[in-house]
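Q: Take this structure first; my questions come after.
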Amino acid sequence: MIRSPISRRSVLKGATAVGALATAPGTLRAQPATPRSASGPGAPLPPRGEFIIRGATVLTMDPILGDLAAGDVHVRDGEIVAVGQRISRPNVQIVESAGMICMPGFVDTHWHLWTSLLRPFVRADVEALGYFPVTGRLGVFYAPEDSYRSVKLGVAEALNAGVTTVHNWAHNVRSPEHADAELSAMRDLGVRGRFAYGPSQGMPDDQSMDHAGLARVKRDWMPGDGMLTLGICSRNVGNMSIGGATRGVLTIEMVKRDWGGARALGLPISVHTSGPSPIKALEEAGLLGPDLQLVHPLLTAAEERAILQTRGVSYSTSPTGEARRPAALGVIQLAELLEAGVKTSLSTDHTTNYNCDPFVAMRILFALHQHRIGSKFPLTLKRLVQLATLDGAVDLGLADKTGSLSPGKRADIILVRTGDVNTSPVGDPYEALVSLAQPGNVDTVIVDGRILRRGGKFTALDHAQVVREAHEAAMALRAKAQWP
Ligand SMILES: [Zn+2]
């Protein structure tokens, strides 16, 4: 019986007991979803109850249901059972929500959660201390416990900002324990998401990705309780480097090997396209398909966008980081993608030198669109909210579960206050969300029917402990890496 992938024993020994988990396949599935950490179990997740969210401005993002000026949402056992005006059921808890926007939780489609605790080292204004060189240099020192604490910090910030689904792009899977650590952190905090099993920092380009480890995670963790799904994140394709460091570069033959192993397991694939576009080479090799997500749509040609649309490939944009890139690396091609009918979604990428703020991400996209394209391609604020919710769920293959407030879907819901000083007096709700709101306005966060945050506070998670443990891990990494 595995007590925990993140035991105190494994931390003290440096956590390289690679074979330990493989001896007991399937046991993780049977374990209760209780929080674990090196300093002992935390509070369990809140139960899924039955309640009615009452009197909110409901933005369902469901194309048929539309919006309700003062609507109710009935949730039972983690499922949305009804959306409408004045829903009345006896003996059901009422969540009074007047003055709030009720909407689907944000879906973040690409985020390197393992880098979250590297904030003391990354500088936005010093090239040598940028995100790429720092994460590359310190990533090799990560023990599984560091991955666990970093992912926990990142997911806590995601929930704080109203993100209820996250695609954890884990490109520092150094051992089976590292994979289990990241998955444990996601499970312990109750977020929905995809775990993208990746390479490790510093891994030789000619080394194949760990398909056996990938198969083991699929066997031990999936489908579990259905909150987490699995995919891979790939090293870059072709000649790509940014910021003086790369995450590895694969030839087409190596791509066939790495992606083929994932596809044999029925798993989706994600890859960065920072730099010269690999789309034509991938198309010629027959490697494009609806199971593929590309990241950073900055340098595509019209012909390539047509190919992506035909093949059903999606693109994730991370506007907060992309807007900081040099002009030579391209511009965010949101209008071009939407016009071509390419599936597009929104992501945070990382939070080492900016924070998770889907409101700001939408705001930046709108500003850059107005700056570059304007009325040549009309972009509504509602379309941006759809990008951050339903379109993200479509991208991750989760639209049957999340992304809109539709009866039958799981209850991933946020309430955003409109009576705060930065949002009131409120007018159009989409204007409030895209132009005015910030994470501090997110009052309530519900994932799969569990109320994880209420009144702007975690209901069960000891966030002070999460912060303290992340700080301790960062300082220990500093010592281990002999960081100046
Ligand atoms: Zn990225």
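The values are calculated or read from the model by the stated rules, or taken from the named source; none is laboratory data. Being a predicted model, the structure only gives us computed values, none of them experimental. Cβ: placed from backbone, ideal geometry, glycine included. Neighbour counts: every protein chain shown. Surface accessibility is based on the protein's heavy atoms, side chains included, excluding ligands, DNA and RNA. Shrake-Rupley method; radii C 1.70, N 1.55, O 1.52, S 1.80 Å.
Q: For the stretch 164-183, enumerate the residues that are more than 16 Å from the ligand (Cβ to nearest atom) and hydrophobic (A, V, I, L, M, F, W, C).
A: Within the stretch 164-183, Ala179, Ala181, Leu183 meet the criteria.
Q: Another question about this same structure. Scan the stretch 381-398 and give yes if some residue there is among the acidic types (Asp, Glu), in a helix (DSSP H, G or I) and closer than 25 Å to Gly226 by Cα, otherwise no.
A: Yes.
Q: Here's another thing I want to ask about it. Among the residues of the stretch 174-214, which ones are under 15 Å from Leu265 (Cβ atoms) and either among the aromatic types (Phe, Trp, Tyr) or within 19 Å of the chain's Cα centre (by Cα) (or both)? First the steps, then the outcome.
A: Our first condition is that a residue be under 15 Å from Leu265 (Cβ atoms); within the stretch 174-214, this holds for 179, 194-198, 208-214.
Listed by number, the residues that qualify are Ala179, Arg194, Phe195, Ala196, Tyr197, Gly198.
Q: I want to confirm something. Restricting to the stretch 331-343 and keeping residues that are surrounded by fewer than 23 Cβ atoms within 10 Å (Cβ to Cβ) and outside any loop (DSSP other than H, G, I, E, B), which single residue is farthest from the ligand (Cβ to nearest atom)?
A: The extreme case among them is Glu339.
Q: Pull up the stretch 113-144, narrow it to residues that are open to solvent by 10 Å² or more (accessible area, probe 1.4 Å) and assigned to a helix (DSSP H, G or I), then point me to the one that is nearest to Gly321 (Cα to Cα).
A: For the stretch 113-144, the residue satisfying everything is Tyr131.
Q: Out of all the residues in the stretch 202-226, which are open to solvent by 10 Å² or more (accessible area, probe 1.4 Å) and over 20 Å from Lys256 (Cβ atoms)?
A: Gly202, Arg216, Lys218, Arg219, Trp221, Met222, Pro223, Gly224, Asp225, Gly226
Q: Same structure again: Return the residue satisfying two criteria in turn: it lies in the stretch 347-357 and is more than 12 Å from the ligand (Cβ to nearest atom) and either touching a His at 6+ places or on another chain (Cβ under 8 Å) or open to solvent by 10 Å² or more (accessible area, probe 1.4 Å) (or both), and of such residues it is farthest from Glu127 (Cα to Cα).
A: Per the criteria, the residue is Asp357.
Q: When the stretch 51-83 is examined, which residues are found to be within 21 Å of Arg450 (Cα to Cα) and surrounded by fewer than 16 Cβ atoms within 10 Å (Cβ to Cβ)?
A: Correct list: Asp77, Ala82.
Q: Which one is farthest from Phe106 (Cα to Cα) among residues in the stretch 429-440 that are surrounded by fewer than 23 Cβ atoms within 10 Å (Cβ to Cβ) and under 20 Å from the mean Cα position of the chain (by Cα)?
A: This residue is Gly440.
Q: Among the residues of the stretch 96-146, which ones are touching a strand residue (DSSP E or B) at 6+ places or on another chain (Cβ under 8 Å), hydroxyl-bearing (Ser, Thr, Tyr) and more than 14 Å from the ligand (Cβ to nearest atom)?
A: Hit for the stretch 96-146 is Ser97, nothing else.
Q: Here's another thing I want to ask about it. Can you find a residue in the stretch 273-283 that is touching a helix residue (DSSP H, G or I) at 6+ places or on another chain (Cβ under 7 Å), of a type in the set (Val, Ile, Thr) and open to solvent by less than 30 Å² (accessible area, probe 1.4 Å)?
A: yes
Q: Any chance the stretch 286-303 includes a residue that's under 24 Å from the mean Cα position of the chain (by Cα), assigned to a helix (DSSP H, G or I) and either within 16 Å of the ligand (Cβ to nearest atom) or in contact (Cβ under 8 Å) with a residue 24 or more places away in the chain (or both)?
A: no
Q: Here's something else I'd like to know. In the stretch 315-330, is there at least one residue being under 14 Å from Leu282 (Cβ atoms), under 22 Å from the mean Cα position of the chain (by Cα), within 16 Å of the ligand (Cβ to nearest atom) and open to solvent by less than 10 Å² (accessible area, probe 1.4 Å)? Talk me through it step by step, then tell me what you get.
A: Looking only at the stretch 315-330, we keep the residues that are under 14 Å from Leu282 (Cβ atoms), and these are 315.
Checking the rest, the ones that are also under 22 Å from the mean Cα position of the chain (by Cα) come to 315.
When the remaining residues are screened for being within 16 Å of the ligand (Cβ to nearest atom), the result is 315.
Among the residues that remain, those that are also open to solvent by less than 10 Å² (accessible area, probe 1.4 Å) are: 315.
Scanning the stretch 315-330, I find at least one residue that is under 14 Å from Leu282 (Cβ atoms), under 22 Å from the mean Cα position of the chain (by Cα), within 16 Å of the ligand (Cβ to nearest atom) and open to solvent by less than 10 Å² (accessible area, probe 1.4 Å), so the answer is yes.
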